[in-house]
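Below: one structure, written as structure tokens.
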Amino acid sequence: MKCPVCNNELALKESEGKKYFLCTKCKKFYNPSDFMSNPKIGGNNETERPPMALSISSMVLGIIGLLLSCLGIGIFPAIIGFILAIIALATHRSKGMAIAGLVTSLIGIIIAAVILITGTAVNGVLEEQGFTSSEKTKKESTEKDKKNSEESSE
Ligand SMILES: [Zn+2]
């Protein structure tokens, strides 16, 4: 076992039944458990590598959300991707992809939101000016009435 500070070989000591490492150079004590939990000091780097599945799925969902947002339905995968990206960032998983997922899903949410807002706004304006389907049915019904009256007059 080597000292993480000076790389000097540690001496294994025992006190009150507890084992610990002592660096004779910098006079520091280390618990054997320190070497297990901290991969930088001596643990297995391979097993300590953070899982990337969460970051990858957040990025994939973000891209899907971005593409689907043009159809107005992308807001759902984008929101899921956004949440996954936040979890990935909060748990310190592969940051690059989590940020990519965060950005893509955020853009997807914004595009979908803009489409939804402008879509309803356009519908609202059309409704005010009487260009909606209700006007259409009114016209159709008047035409029907005309036909009916024509038929009845014959
Ligand atoms: Zn040392």
Within the stretch 3-16, how many residues are within 11 Å of the ligand (Cβ to nearest atom), over 12 Å from K28 (Cβ atoms) and not in a loop (DSSP other than H, G, I, E, B)?
1
Of I86, I64, I99, I41, which residue is modelled with pLDDT under 80 and part of a helix (DSSP H, G or I)?
I64
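The values are calculated or read from the model by the stated rules, or taken from the named source; none is laboratory data. Owing to the predicted nature of the structure, the values given are computational and were not obtained by experimental measurement. All Cβ positions, even for glycine, are placed from backbone atoms using ideal geometry, and neighbour counts span all protein chains on display.
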